[in-house]
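Heads up: the structure comes next, in structure tokens.
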Amino acid sequence: MVIIIKTPEEIEIIREGGKRLATILHNVKDIIKPGISTFELDQYAFKLITDMGDYPAFLKYKPEGAENPYPASLCVSVNEEVVHGIPKKDKILKEGDIVSIDLGLRHKGLYTDMAITVGVGEISGGSKKLLEVTEKALRVGIDAARCGNRIGDISHAIESFARPHKYGIVEILAGHGVGKAVHEDPYIPNFGKAGTGAKLEKGMVIALEPMLNNGTKNLVLEKDGWTFRTADKKKSAHFEHTILITNDEPEILTML
């Protein structure tokens, strides 16, 4: 494991990129409504990023083990889709859906990553609770990301908060380091034992991203090679922030 500590100069670039990313993702959120296609969301995200002179980090991204590069800028995952949903012209959002929008940004050669899940029109009480608990799980994880703590402290905090709600905690996907690349060490599961794993140090930049399912924790990878969905086809929510480890409270870099 090689954990990269970012320099003050790199942190300043990542901080600016994070603000840009948050602005773009919330602008995309604002156009989500019944009748819009996931392709339209992707095209809007691409335009906002490139108009700023930046580059969408996920476009043509091909991690180890992937057969094909990711074909879009934005991951748009609807209902039972957990992550990496590929935008399509014929995939139309409807009232009551929940949709995760996950976006990465490269600004001056450095990366940030962020995701939010939102309701389309009026959603059910059960969906509202799923979104609220998942977003709160992210906040709990961030609160545990203190200099001197360990990766396991983050994982344990998220799991301890989420477990009583009886949601499936996704285990095969996790948070990660970010900055010089889209994905870096350390690997940050959303479950685990406190006091284990790498120690958190000032200057580390990490992306935390709890994913909670309204049923089983088990996932299925679709034939497109990218989209993960819940095995029981129940809904899933996903929230993510890029944060900086400091000597004090962690700094959320992907904030408006």
Q.
Condition first: of a type in the set (A, V, I, L, M, F, W, C) and not in a loop (DSSP other than H, G, I, E, B). Now tell me which residues in segment 211-226 satisfy that.
A. Met211, Leu212, Leu219, Val220, Leu221
Q: Go through segment 227-256 and give me each residue that's assigned to a loop (DSSP other than H, G, I, E, B) and within 15 Å of the chain's Cα centre (by Cα).
A: Thr227, Phe239, Leu253, Thr254, Met255
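Report yes if Lys199 is of a type in the set (Lys, Arg), under 18 Å from Lys166 (Cβ atoms) and over 16 Å from the mean Cα position of the chain (by Cα), otherwise no.
So Lys199 does not fit the description; no.
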**Q.** Filter pass, Glu201 being at negative phi and out of contact with any strand residue (DSSP E or B) (no Cβ under 9 Å at 6 or more places or on another chain)
**A.** yes
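Does Gly175 fit the bill of being at pLDDT 95 or above, closer than 30 Å to Ala72 by Cβ and surrounded by 21 or more Cβ atoms within 10 Å (Cβ to Cβ)?
Yes: the conditions hold for Gly175.
The values are calculated or read from the model by the stated rules, or taken from the named source; none is laboratory data. What you see is a predicted model; the values in this text were computed from it and never measured. All Cβ positions, even for glycine, are placed from backbone atoms using ideal geometry, and neighbour counts span all protein chains on display.
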